[in-house]
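Take a look at the structure below.
The values are calculated or read from the model by the stated rules, or taken from the named source; none is laboratory data. Since the structure is predicted, the reported quantities are computational estimates derived from the model, not experimental observations. Here the Cβ is made from the backbone with ideal geometry for all residues, glycine too, and neighbour counts use every protein chain on show.
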Amino acid sequence: MSGRAQLMWDEAVTGYDFGPEHPMDPVRLALTRSLVGALGLDREVEVVAARAAGESTLRLVHRQDYIDAVKAASLDPGAADPAYGLGTVDDPAFAGMHEVSSLIAGQSVGAAEAVWRGQALHAVNFAGGLHHAMPGAASGFCVYNDAALAIARLLELGAERVAYVDVDVHHGDGVQAAFWEDPRVLTVSLHEHPRTLFPQTGWPEETGAECAEGSAVNIALPAGTGDAGWVRAFHAVVPEVLADFRPQVLVTQHGADTHFEDPLAHLAVSLDAQRAVQVACHELAHEYAEGRWVALGGGGYAVVDVVPRSWAHLVGIAAGRPVDPETVIPEGWRQEVYARTRQLGPMRMTDGRWPVGWASWEEGYDPADRLDQAVVAARRAVFPLRGLLA
Ligand SMILES: [Zn+2]
């Protein structure tokens, strides 16, 4: 019997701070946590602070020489080695970097353990989803790959099939790389096309190594894709591959940087569509993974207007108390937003695009439409490898 959903949270994760000039401002985590509280969602979940991931856990994905380089940069940021992606514009070194990165990883690993052992059916770590970190290098604001570490821990505990679905605007390259040769892990990434966005990977033709053919799925969407196209693409690919793969656990990454206000990318998705895909992921976990669901955060650089609302919705869905999009945000939270950021916080839990309209793939497609071409490319590349009709 599983207990309530777990929300992984340790205030110290807000120490993941690349400095005042960096777009990944940790205030986004603090404001998400306080919005979860203001909406009363923290009473609907068990709030758990897991331990930091130890070195033996980090080694499930990362190379020892890289871990040593992070520890050295953490002690002396001036000595960071750019050969490991450290001390770069994207990943500046800072004191305590190893400890806080290990702490975030520990929250995702703890979430995976709780779900695998049946202590919770769902677990959320919105501080995680650092999907660009590579086995031997920091990349794209990510030091340790908590998503890959959570999956690796599930495999270590005996899982034979783990599915990872990543809806961040950027390709989930680090997770795909970590399991490129491992048929036990299906990675699915829905992202803006590599032609126009970092990390310039995630082409449909990337389908896994020869020994794991069809275990990587990439849906590369045209810049400018909005709600209807984004939700349509998700449903045109993800449910079918999950039905075929039959995961024992579903791990999802909910980067909020698909949003039309996000400063670092070029999709035009609303909060309401993000919520709709969160709801779909929850339903897919129940349909194909006996409800076992680990949900992570990810990117998201509209740190006041988008990230806290998006991930508060995610927590509500996992808690079994989804927040109505029409909900008016408590004034106390908006005052906190102003005090911390001198910005005005949003008024409601919607962008006014609710309910999200979209047309299913079964209703047919338009070969001249660029979104549909992206979906066809993804299906044609990978469905035959899995014995599915493209
Ligand atoms: Zn991202």
Exercise for the section: Give the residue that is surrounded by the most Cβ atoms within 10 Å (Cβ to Cβ), with candidates limited to residues of the stretch 263-296 that are within 13 Å of Gly226 (Cα to Cα) and within 14 Å of the ligand (Cβ to nearest atom). Expected result: Val269
Problem - Qualifying positions in the stretch 123-145 - of a type in the set (Gly, Ala, Ser) and within 9 Å of the ligand (Cβ to nearest atom) - result: Gly129, Gly140
Handout entry: Whichever residue in the stretch 200-234 is surrounded by fewer than 17 Cβ atoms within 10 Å (Cβ to Cβ) and touching a helix residue (DSSP H, G or I) at 6+ places or on another chain (Cβ under 7 Å) and, among such residues, is nearest to Ala374 (Cα to Cα)
Key = Glu205
Handout entry: Answer residue from the stretch 165-190, given it is of a type in the set (Asp, Glu) and more than 11 Å from the ligand (Cβ to nearest atom) and is surrounded by the fewest Cβ atoms within 10 Å (Cβ to Cβ) among those
Key = Glu181
Handout entry: Verdict on Val241 being farther than 14 Å from Val167 by Cα, within 16 Å of the ligand (Cβ to nearest atom) and not small (Gly, Ala, Ser)
Key = no
Problem - The lone exception for Gly332 - which of (1) surrounded by fewer than 24 Cβ atoms within 10 Å (Cβ to Cβ); (2) in a helix (DSSP H, G or I); (3) in contact with a strand residue (DSSP E or B) (Cβ under 8 Å, 6 or more places away or on another chain) it fails - result: (3)
Exercise for the section: Mind listing just one residue for me: the one in the stretch 135-151 that is surrounded by fewer than 24 Cβ atoms within 10 Å (Cβ to Cβ) and in contact (Cβ under 8 Å) with a residue 60 or more places away in the chain and, of those, nearest to Gly202 (Cα to Cα)? Expected result: Ser139
Completion exercise
Residue hits (the stretch 56-68; free of Cβ contacts under 8 Å to residues at least 40 places away in the same chain and in contact with a Lys or Arg (Cβ under 9 Å, 6 or more places away or on another chain)) are Ile67
Exercise for the section: Search the stretch 378-390 for residues that are at pLDDT below 95 and pair each with any residue that is among the basic types (Lys, Arg) and outside any loop (DSSP other than H, G, I, E, B) when their beta-carbon atoms are under 8 Å apart and the residues are at least 6 apart or on different chains. Expected result: Ala390/Arg379; Ala390/Arg380
Problem - Wholly within the stretch 33-139, helices (runs of 4 or more DSSP H) carrying at least 1 residues that are more than 25 Å from Met349 (Cβ to Cβ) and more than 22 Å from the chain's Cα centre (by Cα) - result: 55-58, 64-75
